[in-house]
Amino acid sequence: MSQCLRAENVGELPDVFEVSRLNHDEVLRKQADSLIGAVALNQSVRVDKVDEPLVKQPDVSNNLAESIGLAQEGDPKAIKLLKINARTDYIERAFKSGFVMAVDLERNEDGKLTQNGQTLESVQVNSLRYLENERLKERAKVEALHTIRDQYYADKGVFKKYARVTLSLVDDQMSDEEAAKAGFFVNTRSLSIQLVTEDEKGDVVIQSAFVAGKQSADAAPFDIRSAREFAERLGVDYEGLGSEEMHARPILVDKSIMPDVLVAAQLFDESASEITGSYKFFGKNRNSPPTRADYIQRYDENKKMVDDMDHDIDIVAWELMCSSPQSPLEATTELARLNDKLLKDRIITDESIDANVLGVEAAYRVNHARDRYRELQSMPIEMQQQNQIMRDIDMLQKEINDLGSSSSCPGGATNKKMDSIFGELEGQDKNEDSKETVEDCEFISEECPECGDTKVKTTAKNGKYYGDCGCESK
Ligand SMILES: [Zn+2]
């Protein structure tokens, strides 16, 4: 394969090619290596100038724990950053597929790309420093290289013509258990499609679409094969590649072909339809092929949903500000605890949240509680019946709280990690003597937590659930 593509000749480059084919990529790799090496040696890194390390800290906090400290001193940038962190973490917990996010980047006085006052490179340095899982660490090294590439593309005008498109799948070398522990959502093997480019105003934007790579817990995964098909449709050969290799091989696509991440999500869905034989919308089954308008509508709905929960996120950010974490891990763990609680509080009444995000066992109870909640709203009902429903919802809420466990992005704190820290405290009030079960009944589950069948008649009996599809809870 020819290696003579030069960013300076951006007008003459092919429509689609892997980033490694750019002549300068080798230099960028070396830059990334020296950054990674410096982090490993725990040297003071002035992250924006890799080849001349200076002892200088970035101006805004380096991590969540520092942001909390600065926010307590009233730093408005830090307060804003806390809120953004809280919102992103919540979104990653609540929406595993069918969600699209866009972030505008800025440039600091040195011309470095920044997000909310932090240079992208300093964000990467933090991941490299604090990630414990070795495989996630390897992934973070690749992310650091992507960031260095983006800076170069932005500086050289490559983003005027191209978008960098990258697929981040669940690590296919991890067992489900290991992947779940690392923060991946294994139930639907959710993946993210990332697209970075420059908008009409000349600002660099990062767009991400979250797409299911599996219909449900019991279904066959299609993530890897669909990703290969996706690349093939663009004329790029991903044959035989695993998740980490794909992630390490982004594609530059002419914006006339791929103007935004919605187009990328649609191409992925079409690829997944080809692989599975059923129509897909953000990786989930659907009766008819989605149109461009469906993707745009979903994006608009996402934005509205995020606006609607602004108040709840403010409260999480406020509570976070009132905590005093002693380390970055304690800070992310506290954020995980607050958002896990918020998610559990909202999941019964907010049906935009995927019922499965707290795991299969909790999902049976979420489906049940949602059915009861709908009943409660279908007035008029007798007072006595109303009380019974409210008691049921209350009990189901407790079960959801106990059984459920949410996770944010890979590397973010999960409820499980949190348990190891808070476990002893919380264990004390889990008394078994008050064991009551919810009244037996029948209801319709929107989606079976295990096989993914929709509109499943479900029977609740002695605290267990039996779906007409043949699935049952523990
Ligand atoms: Zn089922």
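Nothing in this text is a laboratory measurement; each read-out follows from the coordinates by a stated rule. What you see is a predicted model, and the numbers here were worked out from it, not measured in a lab. Ideal geometry is used to build each Cβ from the backbone, glycine not excepted, and the neighbour counts take in all protein chains shown.
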key: Relative exposure of L335, L267, L329, L195, judged by other C-beta atoms within 10 Å (fewest first)   = L329, L267, L195, L335
ask   = With a 10 Å Cβ neighbour count serving as the proxy for reagent exposure, in which order, fewest first, do C471, C441 appear?
value = C441, C471
request  = Report, by chain and number, residues whose modeled amide H sits under 5 Å from the one on G213, excluding near sequence neighbours (fewer than 5 apart, same chain).
outcome  = R189, S190, L191
ask   = Once both axes come from the Cα atoms, what is the angle between helix 76-94 and the longest principal axis of the chain, in degrees from 0 to 90, rounded to 10?
value = 60 degrees
note = Rounded to whole Å, √(5λ) for the Cα gyration tensor eigenvalues of the chain, largest first, gives 40, 28, 19
Under 15 Å from the N108 label point (7 Å along Cα→beta-carbon), backbone N, segment 141-158 = 148, 151
request  = Work out from phi, with θ = phi - 60° and the Karplus expression 6.51 cos²θ - 1.76 cosθ + 1.60, the ³J(HN,Hα) of each residue of segment 123-132, listed in order in whole Hz, and give x for Gly and Pro.
outcome  = 4, 5, 4, 4, 4, 4, 6, 9, 5, 9
ask   = Magnitude of the Cβ-charge dipole of the chain, K/R +1 and D/E -1, about the Cα centre, nearest 20 debye?
value = 680 debye
query = Straight-line reach from K457: which aspartates and glutamates have a Cα under 13 Å away, not including same-chain ones fewer than 8 places off?
reply = D371, E442, E446, E447, D468, E472
ask   = What's the local net charge at S168, with K and R +1, D and E -1, over the other residues with C-beta under 11 Å away?
value = -3
task = Any chance you could run the full-extension gain for Y130 through K304? It's 0.36 nm times the residue separation minus the Cα-Cα distance, nm to one decimal.
result = 59.3 nm
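Over the chain, what is the percentage of antiparallel beta bridges among all DSSP beta bridges, to the nearest 5?
Working: 43 of 44 bridges.
Approximately 100 percent, going by the DSSP bridge assignments.
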At 1.567 mPa s and 4 °C, Stokes diffusion of segment 206-270 via Kirkwood alpha-carbon radius, µm² per second = 102 µm²/s
task = Would you mind getting me the FRET efficiency between I444 and E239? Use the beta-carbon distance for r and R0 = 30 Å, nearest 0.05.
result = 0.10
query = Using a simple spin-label model with points 7 Å from Cα along the Cα→Cβ vector, what separation in nm is obtained for E177 and L376?
reply = 3.7 nm
query = What 222 nm value per residue comes from the helices of the chain, counting each DSSP H run with n ≥ 4 as -39,500 (n - 2.57) and dividing by all residues, nearest 500 deg cm²/dmol?
reply = -15000 deg cm²/dmol
ask   = In nm², what is the average projected area of the convex hull enclosing the Cα atoms of segment 67-138?
value = 6.5 nm²
inquiry  = Could you tell me the calculated FRET efficiency between R21 and Y466, based on Cβ-Cβ distance and R0 = 45 angstrom, to the nearest 0.05?
reply    = 0.25
inquiry  = To test your reading of the geometry: what angle, between 0 and 90 degrees and rounded to tens, separates the Cα axis of helix 261-276 from the longest principal axis of the chain?
reply    = 60 degrees
key: Members of K156/K181; K398/K455; K83/K201 lying beyond 29 Å, as alpha-carbon distances in this model show   = K156/K181
task = Relative to the longest principal axis of the C-alpha atoms of the chain, give the angle of the C-alpha long axis of helix 415-427, reported between 0 and 90° and rounded to the nearest 10°.
result = 40 degrees
message = Could you check the spin-label model distance between Q72 and E200? Points 7 Å from the Cα along Cα→Cβ, value in nm.
response = 4.6 nm
message = Using Cβ counts within 10 Å as a stand-in for footprinting exposure, how do E178, E239 rank, fewest first?
response = E239, E178
request  = Would you work out which of S243, G183, S226 lies farthest towards the positive end of the dipole of segment 7-308? Charges go on Cβ: Lys and Arg +1, Asp and Glu -1.
outcome  = G183
query = Each residue of segment 233-244 in turn: what ³J(HN,Hα) in whole Hz from Karplus with 6.51, -1.76, 1.60 and θ = phi - 60°, glycine and Pro shown as x?
reply = 5, 8, x, 10, 8, 9, 4, x, 7, x, 4, 6
ask   = In whole Å, what is the distance between the alpha-carbon centres of segment 64-96 and segment 194-249?
value = 28 Å
ask   = So what's the net charge close to E270: Lys and Arg +1, Asp and Glu -1, counting the other residues with Cβ under 11 Å from its Cβ?
value = -1
remark   = From the cross-link list K137/K214; K214/K341; K30/K161; K77/K280; K161/K284, the entries with a Cα-Cα span beyond 30 Å are K77/K280; K161/K284
